[in-house]
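> Before we start, here is the structure in question, set down as structure tokens.
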């Protein structure tokens with residue numbers, strides 16, 4: 001009888017614990033989703049409702065919905081040009097960065113060469129250095145090469161990143177070397193092994209790096225502001241700052257502008273969330 005009561009008590013406590021966990025996750029989810037809902041709903045409201053509802057719960061309730069604010073953005077500045085600039089810059093950084101960072105990490109995880117551990121330690125240590133600390137020296141360097149006001153100067157600086165090299169390195173360490181040994185016996189070299197064997201089973205970490213890099217670079221503001229002078233090659237975050245500073249300040253249009261910056265990030269995460277979660281939650285061979 002006592003054992004039965006203890007069993008029931010344990011089951012009850014497990015259910016209560018599970019319920020509390022679910023409530024906590026729902027609360028946390030709502031906490032993060034509310035700003036996005038507020039942004040999207042406000043972007044569809046007329047200006048007088050945006051200003052009136054901003055400080056109340058009515059801000060989350062859509063009323064008098066229209067796309068006028070979005071059309072206003074395109075009429076007031078060349079939004080399509082800024083979007084194209086961001087896609088070119090961020091797309092180049094992410095795609096080239098995945099290749100460069102993964103190849104560097106593979107060299108650190110598999111090749112044996114003098115000074116490898118020292119250089120890897122320096123790379124890991126450099127993750128604590130904020131970009132702001134080196135931005136001025138970098139600006140002086142790129143100015144010598146006349147790279148100012150180009151796509152190239154906004155791309156080249158962010159291709160090789162210590163954090164992403166380390167993420168790839170940790171992932172590659174979890175891949176058994178027996179797979180590569182068998183390929184070497186068949187005559188495959190390091191490049192063939194890397195592109196034909198390692199990369200195809202590295203989709204989770206590739207998705208993780210791509211998402212993190214995309215989010216970081218999509219919202220990058222300081223460096224593009226420093227190295228661009230005109231609107232021809234400026235990305236969306238710098239354009240957003242200019243749009244926010246226009247007079248009169250129309251909050252509905254600002255919300256529409258911010259929504260069009262946010263939506264691509266949400267789409268990217270929804271597309272790759274499977275691989276992102278798998279990379280974080282799993283270990284060993286991932287694929």
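The values are calculated or read from the model by the stated rules, or taken from the named source; none is laboratory data. Because the structure is predicted, anything quoted here is derived from the model rather than measured. All Cβ positions, even for glycine, are placed from backbone atoms using ideal geometry, and neighbour counts span all protein chains on display.
> Filtering the stretch 105-116 down to residues that are touching a helix residue (DSSP H, G or I) at 6+ places or on another chain (Cβ under 9 Å) and free of Cβ contacts under 8 Å to residues at least 60 places away in the same chain, which residue is surrounded by the fewest Cβ atoms within 10 Å (Cβ to Cβ)?
Here the answer is 113.
> Same structure, new question: Could you tell me whether any residue of the stretch 236-255 is in contact with a helix residue (DSSP H, G or I) (Cβ under 6 Å, 6 or more places away or on another chain), within 26 Å of residue 100 (Cα to Cα) and modelled with pLDDT of 90 or more?
Among the residues of the stretch 236-255, at least one is in contact with a helix residue (DSSP H, G or I) (Cβ under 6 Å, 6 or more places away or on another chain), within 26 Å of residue 100 (Cα to Cα) and modelled with pLDDT of 90 or more, which makes the answer yes.
> Being more than 30 Å from residue 271 (Cβ to Cβ) and surrounded by 15 or more Cβ atoms within 10 Å (Cβ to Cβ) narrows it down to one of 183, 239, 210, so name that one.
Exactly one of 183, 239, 210 is more than 30 Å from residue 271 (Cβ to Cβ) and surrounded by 15 or more Cβ atoms within 10 Å (Cβ to Cβ), namely 183.
> So residue 98 fits all but one of (1) surrounded by 10 or more Cβ atoms within 10 Å (Cβ to Cβ); (2) without any contact (Cβ under 8 Å) to a residue 24 or more places away in the chain; (3) assigned to a helix (DSSP H, G or I); what number is the exception?
(2)
> Given the options 90, 157, 153, name the one that is surrounded by 15 or more Cβ atoms within 10 Å (Cβ to Cβ), under 30 Å from residue 40 (Cβ atoms) and modelled with pLDDT of 90 or more.
When all the criteria are applied, what remains is 90.
> Being surrounded by 15 or more Cβ atoms within 10 Å (Cβ to Cβ) and within 19 Å of residue 215 (Cα to Cα) is true for just one of 138, 44, 120, 39. Which residue is that?
When all the criteria are applied, what remains is 39.
> Same structure, new question: Just one of 52, 21 is surrounded by 10 or more Cβ atoms within 10 Å (Cβ to Cβ), outside the structural domain of residue 258 (by TED's automatic domain parsing), modelled with pLDDT of 85 or more and over 30 Å from residue 155 (Cα atoms); which is it?
The unique qualifying residue is 21.
> Which of the following residues is more than 30 Å from residue 264 (Cβ to Cβ), at pLDDT below 85 and part of a helix (DSSP H, G or I): 32, 12?
12
> Related question: What tally of residues in the stretch 189-235 results from selecting those that are modelled with pLDDT of 90 or more and farther than 27 Å from residue 168 by Cβ?
Number satisfying all stated conditions: 6.
> Taking the stretch 172-205 only, how many residues are assigned to a helix (DSSP H, G or I), farther than 17 Å from residue 107 by Cβ and touching a residue at least 40 places away in the same chain (Cβ under 8 Å)?
Final tally of qualifying residues: 4.
> I'm trying to understand the selection: among the residues of the stretch 206-235, which are free of Cβ contacts under 8 Å to residues at least 60 places away in the same chain and under 25 Å from residue 99 (Cα atoms)?
Correct list: 212, 215, 216, 219, 221.
> Collect the residues in the stretch 51-78 that are over 28 Å from the mean Cα position of the chain (by Cα) and assigned to a loop (DSSP other than H, G, I, E, B), keeping them in residue-number order.
Once the filter is applied, which keeps residues that are over 28 Å from the mean Cα position of the chain (by Cα) and assigned to a loop (DSSP other than H, G, I, E, B), the stretch 51-78 yields 54, 55, 56, 61, 62, 63, 64, 65, 66.
> OK, next. Go through the stretch 240-256 residue by residue and tally those that are farther than 19 Å from residue 222 by Cα and in a helix (DSSP H, G or I).
The number of residues fulfilling the criteria is 6.
> Within the stretch 241-252, can you find the residues that are under 25 Å from the mean Cα position of the chain (by Cα) and closer than 20 Å to residue 54 by Cα?
243, 244
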